[in-house]
Amino acid sequence: AFLLNRSSDLANPDFHNVLGRAINPFDGWDALGAFMADAARYIVKTDIGMQNPGGVRLDSLHGGNLTKADIFALDPFNNEIVIAKMTGRQIEDYLNVASTDDGDCTHVSGITYTIDGNRSDDGKITFTNAKAYLKDGQPIDPEKVYTVSINSYMAQWAKDRCVSMEQTEYTANDSEILYLKDHQSVDYMGVSRYKLNKNF
């Protein structure tokens, strides 16, 4: 993991060069997770992107100029980006598994989804019944194969389900930095791409 508090890193001028600008502050995990999922999907050109909430290491992020120091504070793990090939049915199953294993709803790009949250008698929260929708609002095709960008931490859950995957030359930080440089200004105020139905 990258440790931003190292004096040598903070003294490096490269970490303070402006990459791009946030029109508004990122107002929580949903906005930050959506940004990270968008960046990974953008850089490897997949149909869909996913980001585990446990990998979002800030609760919020200021608006205005953003630097590499901001990116590494948000995402200190710098995992590799992996491209998975999943059917629509596998994607919905994966959303259930990834959300349950990480303890919160998975952040996405290229789709929206609904999901049920359930609490067992011993207090464990599980997620079930994910239903994914494409940008036009139509349900995802259960039989069609889609490309999905995930990080190497999330890849283990896909591997456990025998999902086909391929490595890329990019890390998560690469994607976030290049996404900002290419877009220059972004706005994720109020962005949320899932609806959680709590059954507790």
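The values are calculated or read from the model by the stated rules, or taken from the named source; none is laboratory data. This one's a predicted model, so the numbers in the text were calculated from it and none came from an experiment. Note that we place each Cβ from the backbone using ideal geometry, even for glycine, and neighbour counts take in every protein chain shown. Side chains are part of the model used for accessible areas, which takes the heavy atoms of the whole protein and leaves out ligands, DNA and RNA. Shrake-Rupley method; radii C 1.70, N 1.55, O 1.52, S 1.80 Å.
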Check your understanding: Residue check: is Ile150 under 26 Å from Asp70 (Cα atoms), touching a residue at least 60 places away in the same chain (Cβ under 8 Å), of a type in the set (A, V, I, L, M) and assigned to a strand (DSSP E or B)?
Key -> yes
Check your understanding: Could you list, in sequence order, the residues of region 172-200 that are within 14 Å of the chain's Cα centre (by Cα), modelled with pLDDT of 95 or more and hydroxyl-bearing (Ser, Thr, Tyr)?
Key -> Ser175, Tyr179, Tyr188, Tyr194
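Do we find a residue being in contact with a helix residue (DSSP H, G or I) (Cβ under 8 Å, 6 or more places away or on another chain) and modelled with pLDDT of 95 or more anywhere in region 7-16? Full working, then the answer.
Of region 7-16, the ones in contact with a helix residue (DSSP H, G or I) (Cβ under 8 Å, 6 or more places away or on another chain) are 9-10, 14-16.
Okay, now just the ones that are also modelled with pLDDT of 95 or more, so none.
No, region 7-16 has no match at all.
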Exercise for review: Considering every residue within region 163-182, establish whether at least one is in contact (Cβ under 8 Å) with a residue 12 or more places away in the chain, in a loop (DSSP other than H, G, I, E, B), open to solvent by 10 Å² or more (accessible area, probe 1.4 Å) and of a type outside the set (A, V, I, L, M, F, W, C).
Suggested key: no
Review point. Got at least one residue in region 183-191 being touching a Gly at 6+ places or on another chain (Cβ under 9 Å), assigned to a helix (DSSP H, G or I) and open to solvent by 70 Å² or more (accessible area, probe 1.4 Å)?
Key: yes
